[in-house]
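A.B. asks: Take this structure, written in structure tokens, and hold onto it; I'll ask about it next.
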Amino acid sequence: MFDTGEIEKQITARLSEMAKEIVAIRRDLTDTTRADVITALEVVKSASAATQAVATADLHTSRRAERAAKGLPKRQWDTGVASEIGLARHDSANKGGRHLGFARVLVDEMPHTLARLACGDLSEWRATMIVRDTFGLSRDDRALVDSELCSDPATLMGKSDSQVSATARAAVVRIDAEALVRRASKAVGDRRVTSRPAPDTMAYLSALLPVKQAVCVHATLMRDAAAIVGAGDERTKSQIMADLLVERVTGLSTATAVPVTVNVVLSDEALLGTGSEPAEVEGYGPVPTDLVIRWLHDDDAKNELRRLYANPETGALTAMESKSRGFPTGILRMTRFRDKICRTPWCGAPIRHGDHVRSVANGGDTTFDNSAGLCEACNYAKEADGWTTTPDKNQSGELHSYRITTPTGHQHRSTAPPLPMPMPVRHHRIDISSTEHAVIDILWAA
Ligand SMILES: [Zn+2]
């Protein structure tokens with residue numbers, strides 16, 4: 001009899017051997033062989049994607065069966081599975097969920113598409129497009145599209161990304177025009193406004209809107225900006241459009257005088273003009289300290305900058321304790337500053353919850369040390385059956401860290417990012433400007 005544990009170990013060992021072999025392919029090849037290598041590796045990538053999809057769907061099925069057998073309620077069967085897939089792929093829980101959805105559709109509903117992916121006729125991206133474009137179809141209708149597009153390798157042979165997508169969409173319209181209408185009404189539910197950093201201390205504000213509204217907002221800004229340019233304003237039309245957007249959203253008459261609380265972490269050296277360490281703006285990232293100083297002196301804006309102190313050696317924030325079970329605002333604010341984004345490795349989503357690393361039920365304290373900033377999906381996954389998180393014994397001044405163990409027993413360490421390092425001076429409130437606007441509120445001194 002074979003030891004199945006041994007056989008399973010050999011599978012992963014063999015895969016890493018294959019990866020090493022691929023990397024070690026010699027470089028003194030003829031150009032013909034080089035082109036063949038490039039093609040052969042595309043097949044390897046597609047085959048890997050197909051096997052990943054199958055393993056993903058199987059893990060999901062197995063996790064559900066295990067929880068059903070334990071008698072857990074149905075709504076808990078899927079909890080955390082997307083996060084498990086995300087961690088296994090070094091991706092966020094959100095992407096893990098998409099990988100899982102893709103795998104489920106391929107394995108359960110689109111066997112021909114999966115087969116084309118497995119043999120390298122389709123790339124992972126093209127298979128993803130077919131799955132995406134058939135979203136909203138019934139299982140049977142999806143099977144029809146699957147068969148029409150992928151049962152014969154010749155159908156999609158030589159087609160580009162956009163041609164594959166167009167062929168899939170055309171099949172969907174032919175089979176079920178209603179599905180497209182259903183998708184359109186579902187898409188409206190996804191409307192949202194987001195912001196992300198841009199270079200040179202700028203940021204993008206994006207709105208995903210129904211097409212009518214988006215066109216209307218843009219056209220209104222264009223029309224009104226054109227009128228202002230026509231009246232002799234020196235700004236460009238683009239600048240005026242941006243200013244109008246800010247003015248109308250914030251309800252203020254000039255875009256430059258927005259009252260804000262900017263949460264900034266900066267070192268004393270930087271503040272006194274002797275250090276070159278950048279400041280850290282919550283929700284954006286590092287910015288030059290000179291810019292922060294300029295904000296402080298801006299007469300148009302009432303500034304309140306909060307500063308958090310960090311350990312001068314390591315950049316770790318100092319601790320704070322509380323007796324209450326829910327995290328008080330002070331600890332939450334510190335946690336947000338320390339963690340910046342969701343603490344799960346590879347996640348990168350904004351923090352939504354201050355979470356107990358060791359849960360209160362398991363004797364965890366409501367302390368800064370036992371807190372972690374998590375996104376909604378990771379917070380949810382952490383509570384799922386079979387997941388544990390264990391705080392590390394953090395010494396004072398060390399970067400905060402803890403271990404996550406998934407139901408498969410895989411461990412991932414989460415370490416807080418370092419902060420700009422200030423000089424260890426103690427103050428409670430200092431004025432750094434002659435104007436009354438610039439007050440630095442020092443919350444915790446190292
Ligand atoms: Zn997360």
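A.B. asks: What number goes with the only condition from (1) open to solvent by less than 60 Å² (accessible area, probe 1.4 Å); (2) of a type in the set (Asp, Glu); (3) under 17 Å from the mean Cα position of the chain (by Cα) that residue 190 does not pass?
C.D. replies: Unmet for residue 190, out of (1) open to solvent by less than 60 Å² (accessible area, probe 1.4 Å); (2) of a type in the set (Asp, Glu); (3) under 17 Å from the mean Cα position of the chain (by Cα): (1).
A.B. asks: Now, a different point. So, in segment 208-234, exactly how many residues are open to solvent by 60 Å² or more (accessible area, probe 1.4 Å) and either under 30 Å from residue 279 (Cα atoms) or at pLDDT below 85 (or both)?
C.D. replies: Here the count works out to 5.
A.B. asks: Whether any residue in segment 72-79 is of a type in the set (Val, Ile, Thr) and in a helix (DSSP H, G or I) is what I want to check.
C.D. replies: No, because not a single residue in segment 72-79 is of a type in the set (Val, Ile, Thr) and in a helix (DSSP H, G or I).
A.B. asks: If you go through segment 308-331 one residue at a time, do you hit one that is under 23 Å from residue 92 (Cβ atoms), of a type in the set (A, V, I, L, M, F, W, C) and at pLDDT below 85?
C.D. replies: No: zero hits.
A.B. asks: I need every pair where a residue in segment 40-65 that is in the same structural domain as residue 88 (by TED's automatic domain parsing) has its Cβ under 8 Å from the Cβ of a residue that is assigned to a helix (DSSP H, G or I) and among the acidic types (Asp, Glu), sequence separation at least 6 or different chains.
C.D. replies: Cβ pairs passing all conditions: 45/124; 46/124; 49/124; 57/108; 59/84; 63/84.
A.B. asks: May I ask you to list the residues in segment 106-158 that are closer than 19 Å to residue 47 by Cα and among the basic types (Lys, Arg)?
C.D. replies: Correct list: 116, 126.
A.B. asks: Hey, another quick one. Please indicate, with yes or no, whether at least one residue in segment 357-374 is touching a residue at least 60 places away in the same chain (Cβ under 8 Å) and in the same structural domain as residue 399 (by TED's automatic domain parsing).
C.D. replies: No - not one qualifying residue is present in segment 357-374.
A.B. asks: Cβ-Cβ below 9 Å, separation at least six or inter-chain, first residue in segment 224-245 and part of a loop (DSSP other than H, G, I, E, B), second not polar (S, T, N, Q): which pairs?
C.D. replies: Here the result reads 233/225; 233/240; 235/225; 235/228; 235/229; 235/243; 236/225; 236/229, each pair linking segment 224-245 to a residue that is not polar (S, T, N, Q).
Here is a yes/no grid of residues against (1) open to solvent by 50 Å² or more (accessible area, probe 1.4 Å); (2) under 21 Å from residue 183 (Cα atoms); (3) away from the ligand (no atom under 16 Å from the Cβ):
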{"residue": "75", "(1), (2), (3)": "yes, no, yes"}
{"residue": "93", "(1), (2), (3)": "no, no, no"}
{"residue": "143", "(1), (2), (3)": "no, yes, yes"}
{"residue": "171", "(1), (2), (3)": "no, yes, yes"}
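A.B. asks: Further question: Which residue pairs have Cβ atoms under 7 Å apart, sit 6 or more places apart or on different chains, and have a first residue in segment 1-28 that is within 16 Å of residue 40 (Cα to Cα) and a second that is open to solvent by 90 Å² or more (accessible area, probe 1.4 Å)?
C.D. replies: Pairs found: none.
A.B. asks: Exactly one of these conditions fails for residue 83: (1) within 16 Å of the ligand (Cβ to nearest atom); (2) assigned to a helix (DSSP H, G or I); (3) surrounded by fewer than 24 Cβ atoms within 10 Å (Cβ to Cβ). Give me its number.
C.D. replies: Of the numbered conditions (1) within 16 Å of the ligand (Cβ to nearest atom); (2) assigned to a helix (DSSP H, G or I); (3) surrounded by fewer than 24 Cβ atoms within 10 Å (Cβ to Cβ), the odd one out for residue 83 is (3).
A.B. asks: Mind listing just one residue for me: the one in segment 343-356 that is free of Cβ contacts under 8 Å to residues at least 40 places away in the same chain and open to solvent by less than 20 Å² (accessible area, probe 1.4 Å) and, of those, farthest from residue 402 (Cα to Cα)?
C.D. replies: 351
A.B. asks: Which residues, counting only those in segment 371-403, are away from the ligand (no atom under 16 Å from the Cβ) and β-branched (Val, Ile, Thr)?
C.D. replies: Across segment 371-403, the qualifying residues are 388, 390.
A.B. asks: Could you check residue 179 against (1) farther than 30 Å from residue 350 by Cβ; (2) out of contact with any Gly (no Cβ under 6 Å at 6 or more places or on another chain) and say which number it fails?
C.D. replies: (2)
The values are calculated or read from the model by the stated rules, or taken from the named source; none is laboratory data. Fair warning: this is a prediction, and the values are worked out from it, not measured in the lab. Cβ coordinates were reconstructed from backbone atoms using ideal geometry, including for glycine residues, and neighbour counts include every protein chain displayed. Please note that ligands, DNA and RNA were not included when accessible areas were found on the heavy atoms of the full protein model with its side chains. Shrake-Rupley method; radii C 1.70, N 1.55, O 1.52, S 1.80 Å.
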